[in-house]
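Asker: Let me begin by handing over the structure; questions about it come next.
The values are calculated or read from the model by the stated rules, or taken from the named source; none is laboratory data. Predicted model, so just to flag it, every value in this text is computed and none were measured. Cβ: placed from backbone, ideal geometry, glycine included. Neighbour counts: every protein chain shown.
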Amino acid sequence: MDGKLSCPELQEQAAEPTLRTRSALQHTNQMVSSNERRSQEHRAQDRSRINTHEDYEVRYWSKKFGVSADQLKAAVKKVGNSAAAVEKELAK
């Protein structure tokens, strides 16, 4: 036998995904788009807010504004965690 399906109905069934497979693919695609959406929302939020409890954010914003970590934290404590407000405060 050459490994091919001999019955046309079986060939047709093998070519199309089953209902279970289609359902699993749809679920996976929905999960991916939901995770992408959350990730995009998270990135957008990260660009406008400074979280001083995350070392990598303190390093990033300190470097961006050209200040020390302590100066950044003091500015956040004074004006809040809005990146625009902190940048304005540090520019004084």
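Asker: What residue, of Ser82, Ser33, is modelled with pLDDT under 95 and among the hydroxyl-bearing types (Ser, Thr, Tyr)?
Answerer: Of Ser82, Ser33, the one residue that is modelled with pLDDT under 95 and among the hydroxyl-bearing types (Ser, Thr, Tyr) is Ser33.
Asker: Here is a follow-up. Of the conditions (1) at pLDDT below 95; (2) more than 23 Å from the chain's Cα centre (by Cα), Thr28 fails just one. Which one is it?
Answerer: If we test Thr28 against (1) at pLDDT below 95; (2) more than 23 Å from the chain's Cα centre (by Cα), just (2) comes out false.
Asker: Filter the stretch 48-57 for residues that are touching a residue at least 12 places away in the same chain (Cβ under 8 Å) and in a helix (DSSP H, G or I) and give the result.
Answerer: Within the stretch 48-57, just Ser48 meets the criteria.
Asker: Which residue pairs have Cβ atoms under 7 Å apart, sit 6 or more places apart or on different chains, and have a first residue in the stretch 58-79 that is without any contact (Cβ under 8 Å) to a residue 60 or more places away in the chain and a second that is outside any helix (DSSP H, G or I) and among the aliphatic types (A, V, I, L, M)?
Answerer: If the second residue must be outside any helix (DSSP H, G or I) and among the aliphatic types (A, V, I, L, M), the pairs left are Trp61/Ile50; Val76/Ile50.
Asker: Right, another one. Within the stretch 65-86, which residues are within 9 Å of Ile50 (Cα to Cα) and of a type outside the set (S, T, N, Q)?
Answerer: Val76, Gly80, Ala83, Val86 - these are the residues of the stretch 65-86 that are within 9 Å of Ile50 (Cα to Cα) and of a type outside the set (S, T, N, Q).
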